[in-house]
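Report on the following structure.
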Amino acid sequence: MCPSAGAVSWGVRTLVVGAGIFGVTAARELRARGAEVVLLDPGPVPHVAAASTDISKVVRREYGADAPYTAWMDDALQGFRRWNSELGDTLFHETGVLFMSGAPLAEGGFEADSLALLEARGAAVHRVTRDQVAARFPGWAASPLPEGLHDEAGGWVESGRLVGRLAELAVAEGVVMRQGRALRLLERAGRIVGVAIASEHEHEHEHADEVVLCMGAWTTDLVPSLAVTLRAVAQPVFHLRPREPALFEGGRFPVFGADIARAGWYGFPLHPHAGVVKVAHHGAGLPLHPDSPARVVGPADIARLRGFLGATFPALADAELVHTRACMYSDTADGHLLIARDPERAGLTVAAGDSGHAFKFAPLLGRWIADAALETAAPPARFAWRSPAPTPAPEPGRTPAPATPPPTGDAARARD
Ligand SMILES: Cc1cc2nc3c(=O)[nH]c(=O)nc-3n(C[C@H](O)[C@H](O)[C@H](O)COP(=O)(O)OP(=O)(O)OC[C@H]3O[C@@H](n4cnc5c(N)ncnc54)[C@H](O)[C@@H]3O)c2cc1C
C-alpha cells in the first residue's frame with residue numbers, strides 16, 4: 001500500500017529512531033510526503049529484540065464496544081489485503097478469528113460487545129456455541145468454553161517478515177537506513193535538533209529538523225519523563241510442535257482468544273513455514289527494561305501454559321515446547337497508543353505506547369505518525385501526549401480502560 005500523498009513537506013530533514021512497525025511505516029509515509037528521511041536502528045532490521053519481530057500477530061477487529069478501534073480496523077484490514085497484492089506475497093493470512101468466552105455471552109463482556117457492535121456494522125460475524133465450534137474445528141473438541149463469536153474477517157500477519165519487506169521498500173523509496181543506537185537527544189534553545197549516536201566504531205551526532213521516536217519499550221531511554229506514561233512490560237510467547245499437526249492447520253484451527261479478557265490466552269493455527277503452533281498469554285506481565293537479562297520466560301509461565309493446554313487443547317498438552325520469547329509491551333495505563341509531539345520541546349514527536357495491540361493498525365500507523373510529526377493533522381485524540389496518574393499493575397486478563405476486552409498482546413483491549 002503506497003503511503004498516502006498527504007500534505008507535502010519537501011526537504012524537511014526527518015530522523016526516525018527505531019525500525020519496528022511504527023518506524024518503518026512512519027519513514028515510508030514521511031518520505032512519500034517529500035521529507036528527507038533517515039531511519040536509525042541498531043539492526044539488523046527486523047531487530048531480534050523488537051516487539052514487531054515475531055512469526056505472527058493477530059489481526060482482528062473485535063474491540064468490545066470500542067467503536068473507533070473497530071472502525072479503524074476495517075480500514076486496516078483493507079490495508080493488509082492491499083499489501084498482500086502489492087508485495088506479491090501472502091504475509092497476511094485471513095483465516096478468520098474465534099473468541100470463546102468462559103461464560104455465556106453477556107452485555108459488557110468483550111465477546112458479547114464485539115458481536116453486538118460488529119453486527120450493527122453489518123459484519124459477517126456469528127454467535128457460536130461450544131458444540132458448533134467443536135464440530136467445525138476438531139482441535140476444540142475438549143474446550144470447556146461455552147460460547148463466543150466467530151468472525152470470517154481477520155486472521156494473522158507474519159509480522160517480522162512484513163517489517164523486513166516494508167524496510168526494503170522504504171530504502172527503495174529513498175529512506176536512508178542507518179545502523180546505530182541513539183544515546184540521547186540533542187537540544188538547542190528548547191528545540192530538539194537531533195540525536196547522539198553510538199555506531200559500530202564511534203559516537204557521532206545526527207541532526208534533523210524533526211526527530212520521531214519509534215522506539216517501543218525503549219522510549220523512556222531517551223525521554224525519561226515519559227516513565228509516568230509508558231511502562232515496559234514483558235509477556236510470554238510459546239512455540240509448540242504438535243504431535244498431530246493436521247489438527248491445527250489453518251482452516252481447521254483459527255486464530256483464537258480463549259476467554260481472553262479474563263484468562264488472557266490467545267493463539268494461532270499451525271505456522272505454514274515454522275511448523276509450530278504459537279500460544280501466548282496476556283496478563284499483568286513483568287515490568288522490566290527490554291535489555292534486562294531477566295527478560296526470559298520462566299518455569300511458572302510454562303507451568304501455567306501446560307495447565308491451560310490441558311484444560312482446553314489436550315492434543316497440545318504435551319506438545320514439544322520448541323521456543324519461548326519474552327516480548328515487550330510499551331504499556332499505557334489506558335491501553336491507548338501515544339502518538340504526539342512533545343508539548344514542551346519543539347522538533348520532537350513520540351510514537352509508542354502500543355500496549356500490546358498496535359501491530360494490527362500497521363496500515364494506518366504511518367499516516368498517524370507523519371500527521372503528528374509534520375503537524376498536517378491531529379492524530380486521534382486518544383493518542384494525545386498525556387501523563388496520567390500511575391495505575392496499579394492490572395490483574396491477569398485485564399482489560400484496559402477503554403475497550404472492554406484486552407488490548408493486550410492481543411488479548412482483547414483485548415490488548416492485542
Ligand atoms: C507478546 C506480544 C504479543 C503481541 N501480539 C500482538 C498481536 O497479536 N496483534 C497486534 O496487533 N499487536 C500485538 N502486539 C503488539 C505489537 O507487537 C506492537 O504493538 C508493535 O510491534 C510495536 O512496534 P514498535 O515499532 O513500537 O516497537 P518495536 O517493534 O519494539 O520496535 C522498536 C525498535 O526500536 C529500536 N530501538 C530501541 N532503542 C533504540 C535506540 N536507542 N536507537 C535506535 N533504535 C532503537 C529497536 O531495535 C526496535 O527495532 C504484541 C506484543 C507482544 C509483546
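The values are calculated or read from the model by the stated rules, or taken from the named source; none is laboratory data. This structure is a prediction, so every number in the text was calculated from the model and none was measured. No Cβ is skipped: glycine too gets one built from the backbone with ideal geometry, and neighbour counts run over all protein chains shown. The accessibility values were calculated without ligands, DNA or RNA, using every heavy atom of the protein model including side chains. Shrake-Rupley method; radii C 1.70, N 1.55, O 1.52, S 1.80 Å.
So which residues in the range 311-328 are part of a helix (DSSP H, G or I) and open to solvent by 20 Å² or more (accessible area, probe 1.4 Å)? Spell out how you get there, then give the answer.
Filtering the range 311-328 for residues part of a helix (DSSP H, G or I) gives 311-312, 314-316.
Correct list: 311, 314, 315.
Filter the range 340-360 down to residues that are within 8 Å of the ligand (Cβ to nearest atom) and in contact with a Leu (Cβ under 8 Å, 6 or more places away or on another chain) and give me whichever is farthest from residue 266 (Cα to Cα). Explain how you work it out, then say what you get.
Here is the first cut: in the range 340-360, the ones within 8 Å of the ligand (Cβ to nearest atom) are 351-352, 354-360.
Checking which are in contact with a Leu (Cβ under 8 Å, 6 or more places away or on another chain) leaves us with 351-352, 354-355, 358.
Values: 351: 26, 352: 23, 354: 18, 355: 16, 358: 16 Å.
Only one residue tops the list, namely 351.
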* **The one condition in (1) over 18 Å from the mean Cα position of the chain (by Cα); (2) open to solvent by less than 40 Å² (accessible area, probe 1.4 Å); (3) among the acidic types (Asp, Glu); (4) within 15 Å of the ligand (Cβ to nearest atom) that residue 331 fails to fulfil** => (1)
* Tally, over the range 130-152, of residues that are more than 21 Å from residue 102 (Cβ to Cβ) and surrounded by 20 or more Cβ atoms within 10 Å (Cβ to Cβ) -> 0
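Of 127, 121, which residue is in contact with a helix residue (DSSP H, G or I) (Cβ under 8 Å, 6 or more places away or on another chain), under 26 Å from residue 264 (Cα atoms), basic (Lys, Arg) and free of Cβ contacts under 8 Å to residues at least 60 places away in the same chain?
Values: 121 fails: under 26 Å from residue 264 (Cα atoms).
Every option except 127 fails the conditions.
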* Asked: Which residue pairs have Cβ atoms closer than 8 Å, lie 6 or more positions apart in sequence or on different chains, and pair a first residue in the range 44-55 that is touching a residue at least 60 places away in the same chain (Cβ under 8 Å) with a second residue that is near the ligand (Cβ under 6 Å from one of its atoms) and open to solvent by 30 Å² or more (accessible area, probe 1.4 Å)?
  -> 53/47
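Here is a yes/no grid of residues against (1) without any contact (Cβ under 8 Å) to a residue 12 or more places away in the chain; (2) not in a strand (DSSP E or B):
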| residue | (1), (2) |
| --- | --- |
| 293 | yes, yes |
| 303 | yes, yes |
| 309 | no, yes |
| 339 | no, no |
| 350 | no, no |
| 355 | no, yes |
| 362 | no, yes |
| 378 | yes, yes |
* **Residue count for the range 360-386, restricted to those that are open to solvent by 10 Å² or more (accessible area, probe 1.4 Å), of a type in the set (D, E, K, R) and on the phi < 0 side of the Ramachandran plot** => 4
* Which of (1) more than 28 Å from residue 355 (Cα to Cα); (2) within 13 Å of the ligand (Cβ to nearest atom); (3) at pLDDT 95 or above does residue 256 not meet, given it meets every other one? -> (1)
* Taking only the range 25-68 into account, find how many residues are more than 7 Å from the ligand (Cβ to nearest atom), open to solvent by 20 Å² or more (accessible area, probe 1.4 Å), closer than 30 Å to residue 119 by Cα and not small (Gly, Ala, Ser). => 2
* Scan the range 75-97 residue by residue and report those that are of a type in the set (Asp, Glu), under 22 Å from residue 149 (Cα atoms) and not in a helix (DSSP H, G or I). => 94
* Just wondering, is there one or more residues in the range 100-116 that are in contact with a His (Cβ under 8 Å, 6 or more places away or on another chain), closer than 14 Å to residue 254 by Cβ, of a type outside the set (Asp, Glu) and touching a residue at least 12 places away in the same chain (Cβ under 8 Å)? -> no
* Please enumerate the residues belonging to the range 206-234 that are open to solvent by 10 Å² or more (accessible area, probe 1.4 Å) and more than 11 Å from the ligand (Cβ to nearest atom). => 207, 208, 209, 210, 224, 225, 227, 228, 231
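So, residue 337, is that one open to solvent by less than 30 Å² (accessible area, probe 1.4 Å), in contact with a helix residue (DSSP H, G or I) (Cβ under 7 Å, 6 or more places away or on another chain), within 17 Å of residue 223 (Cβ to Cβ) and near the ligand (Cβ under 10 Å from one of its atoms) or not? It would help to see each step written out before you state the result.
On the way: open to solvent by less than 30 Å² (accessible area, probe 1.4 Å): yes; in contact with a helix residue (DSSP H, G or I) (Cβ under 7 Å, 6 or more places away or on another chain): yes; within 17 Å of residue 223 (Cβ to Cβ): yes; near the ligand (Cβ under 10 Å from one of its atoms): yes.
Against the criterion (open to solvent by less than 30 Å² (accessible area, probe 1.4 Å), in contact with a helix residue (DSSP H, G or I) (Cβ under 7 Å, 6 or more places away or on another chain), within 17 Å of residue 223 (Cβ to Cβ) and near the ligand (Cβ under 10 Å from one of its atoms)), residue 337 qualifies.
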